[in-house]
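The values are calculated or read from the model by the stated rules, or taken from the named source; none is laboratory data. Bear in mind the structure is a predicted one, so any value in this text is a computation, not a measurement. Here the Cβ is made from the backbone with ideal geometry for all residues, glycine too, and neighbour counts use every protein chain on show.
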Amino acid sequence: DTGVSQDPRHKITKRGQNVTFRCDPISEHNRLYWYRQTLGQGPEFLTYFQNEAQLEKSRLLSDRFSAERPKGSFSTLEIQRTEQGDSAMYLCASSSLGQGNSPLHFGNGTRLTVT
Amino acid sequence: QKEVEQNSGPLSVPEGAIASLNCTYSDRGSQSFFWYRQYSGKSPELIMFIYSNGDKEDGRFTAQLNKASQYVSLLIRDSQPSDSATYLCAVNVIQGAQKLVFGQGTRLTINP
């Protein structure tokens with residue numbers, strides 16, 4: 001078990017560019033979550049998947065954000081036309097449906113800086 | 001009113017003493033409660049979770065839950081400098097999926 005893996009660890013981009021992040025969950029986990037954390041705040045829920053189905057999206061997730069989990073394994077989070085306010089740590093986590101309220105285990109995160 | 005509130009600190013505790021971290025939440029229907037530790041620049045790391053009223057102990061850590069008063073706390077006994085971090089309280093507001101609402105975190109410093 002290698003834990004939740006995220007790539008890249010850091011991303012610096014210019015305003016207006018598109019970026020894509022990848023998350024590989026713990027292999028037997030069928031639920032995958034994306035959270036965002038800004039400096040001095042706790043993480044905020046963005047969206048989650050059960051297998052390949054995206055079951056809920058936060059209103060924080062504007063139309064510029066899209067997440068996919070095409071085969072129910074890894075997930076991608078894309079941000080189009082990035083803005084400086086998108087600068088944050090993007091955290092991925094996974095859990096197992098079969099264990100009821102199995103706690104979330106986060107990956108190391110992708111830190112995005114928009115200049 | 002924020003859904004999950006924590007004192008942002010900083011909370012300073014001498015080494016070897018008990019550190020007490022508190023959290024209140026607004027949604028009475030909340031089902032499960034979590035404490036995460038976060039070192040600067042790192043991702044949150046799960047320390048403990050608690051579902052039922054009362055105390056839950058794990059090593060030097062004790063989580064306490066009082067649903068009637070809508071608060072959850074974390075006690076760290078025999079505090080070590082390595083415990084210096086931000087502690088995040090999180091509440092699950094729905095059944096099943098882990099849609100957690102986090103507090104802003106309490107920054108804890110253990111002084112040698």
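Scan the stretch A:16-28 for residues that are within 14 Å of chain B (Cβ to nearest Cβ) and either under 17 Å from B:Phe102 (Cα atoms) or not in a loop (DSSP other than H, G, I, E, B) (or both) and the total you get is 2. In this structure, A:Arg69 does satisfy being farther than 26 Å from B:Phe34 by Cα, touching a Leu at 6+ places or on another chain (Cβ under 9 Å) and more than 13 Å from chain B (Cβ to nearest Cβ).
Looking only at the stretch B:87-112, residues that are among the β-branched types (Val, Ile, Thr) and facing another protein chain (nearest Cβ under 8 Å) come to 1 in all. Residues of the stretch B:62-74 that are out of contact with any Asp or Glu (no Cβ under 9 Å at 6 or more places or on another chain), part of a strand (DSSP E or B) and touching a residue at least 24 places away in the same chain (Cβ under 8 Å): B:Tyr71, B:Val72, B:Ser73, B:Leu74. Looking at the stretch A:50-66, which of the residues that are within 30 Å of B:Ser40 (Cβ to Cβ) and modelled with pLDDT of 95 or more is nearest to the chain's Cα centre (by Cα)? Here the residue is A:Phe65.
Facing chain B (nearest Cβ under 8 Å), assigned to a loop (DSSP other than H, G, I, E, B), touching a residue at least 24 places away in the same chain (Cβ under 8 Å) and on the phi > 0 side of the Ramachandran plot - does that describe any residue in the stretch A:104-115? So far as the stretch A:104-115 goes, yes, one or more of its residues are facing chain B (nearest Cβ under 8 Å), assigned to a loop (DSSP other than H, G, I, E, B), touching a residue at least 24 places away in the same chain (Cβ under 8 Å) and on the phi > 0 side of the Ramachandran plot.
To keep it simple, each residue is scored yes or no on (1) modelled with pLDDT of 95 or more; (2) farther than 25 Å from B:Gly96 by Cβ; (3) touching a Leu at 6+ places or on another chain (Cβ under 9 Å); (4) not hydrophobic (A, V, I, L, M, F, W, C).
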site	(1), (2), (3), (4)
B:Ser12	yes, yes, yes, yes
B:Asn22	yes, yes, yes, yes
B:Gly29	no, no, no, yes
B:Tyr39	yes, yes, no, yes
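Under the condition of being among the aliphatic types (A, V, I, L, M), under 12 Å from B:Ile47 (Cβ atoms) and over 11 Å from the mean Cα position of the chain (by Cα), the residues counted in the stretch B:72-107 number 1.
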